[in-house]
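The values are calculated or read from the model by the stated rules, or taken from the named source; none is laboratory data. A quick note: this is a predicted structure, and the numbers were derived from the prediction, not measured. Glycine also receives a Cβ, built like all others from the backbone with ideal geometry; neighbour counts cover every protein chain displayed. When the accessible area is computed, the model is the full protein with side chains, heavy atoms only, and any ligands, DNA or RNA have been set aside. Shrake-Rupley method; radii C 1.70, N 1.55, O 1.52, S 1.80 Å.
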Amino acid sequence: MWSNFTTLAWPAVRELLDGGHEMLVLPCGATEQHGAHLPINTDTVIGQAVCAYACEKAKVPLLPPLAYTVSVGHTTKWPGTFSLSHETFIATVCEIADWAERTGWKRLLVVNSHFGNDASLRVAVDKVRTSRMGTFQVGTQNTFNLTPEIWAEFISDAEDLHANKSETDLMLHLAPESVDMEAAEDDPDRTIGKVFSYPVAQTSKHGLTGKPSLGSTADGKALFEKMGNALAALLETAKTETPPTL
């Protein structure tokens, strides 16, 4: 039920609110190239699946994912990327939070599965928390660094990860029919030690960074369960968390 929240009619939604279920989860993925072996919906598939798992476990309503987000760093070099501007994405998240607060919700956790969204989401959270201080709690978490152990797995083959082993592992577990392992080409991380920030078109030859050739369905299943359980634990805490000085 919780991951199918948007299939409910409004009276059922009202019952949830009246029953004290006042928090929502908003997944944010991306629509962008993921090398020659992964589909362009990779980040959205991963984020949606992790959130669905955690929301069912923690009994928190799940909103539909935002699939068009900030992918400008991938440029137009490889077809398949569709991006919003930073400003449009920030405004979208703020407006969803606005509608949530005005219709009775008290908490919103934005769960992000695309590294390029992180900075914009922190801005959006700052805008919402300052405009609705005392009436609405908002925060953001990334699926790829929910715990130090999870983060260590994601960066095991590349710190500037993209379509790497961990993402390939997850997609082999979640959507194996969409993965073409014969097309996987490893590409080293060329950002280490650099002073400036560079778009993917200037750091990657194949549209990825890491070693997807090492992808494993079993590793994907294990990693997915770690991510889902870690997020579920955070949701349990978030349901009742209050400002530290109150």
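Couple of notes before you dig in:
- Of the helices (runs of 4 or more DSSP H) lying entirely inside the range 79-164, those containing at least 1 residues that are more than 22 Å from THR31 (Cα to Cα) and of a type in the set (Val, Ile, Thr) span 118-131, 148-154.
- Filtering the range 1-60 to residues that are assigned to a strand (DSSP E or B) and either over 16 Å from the mean Cα position of the chain (by Cα) or more than 17 Å from ILE150 (Cβ to Cβ) (or both) leaves MET23, LEU24, VAL25, LEU26, CYS28, THR31, HIS34, LEU38.
- Flag if VAL70 is within 30 Å of ALA222 (Cα to Cα), modelled with pLDDT of 95 or more and open to solvent by less than 20 Å² (accessible area, probe 1.4 Å): yes
- Residues of the range 190-219 that are touching a residue at least 12 places away in the same chain (Cβ under 8 Å) and within 18 Å of LYS77 (Cα to Cα): ARG190, PRO199, VAL200, ALA201, THR203, SER204, LYS205, HIS206, GLY207, LEU208, THR209.
- Taken over the range 206-229, the criterion of being of a type in the set (A, V, I, L, M, F, W, C), assigned to a helix (DSSP H, G or I) and crowded, with 19+ Cβ neighbours inside 10 Å is satisfied by LEU223, PHE224, MET227.
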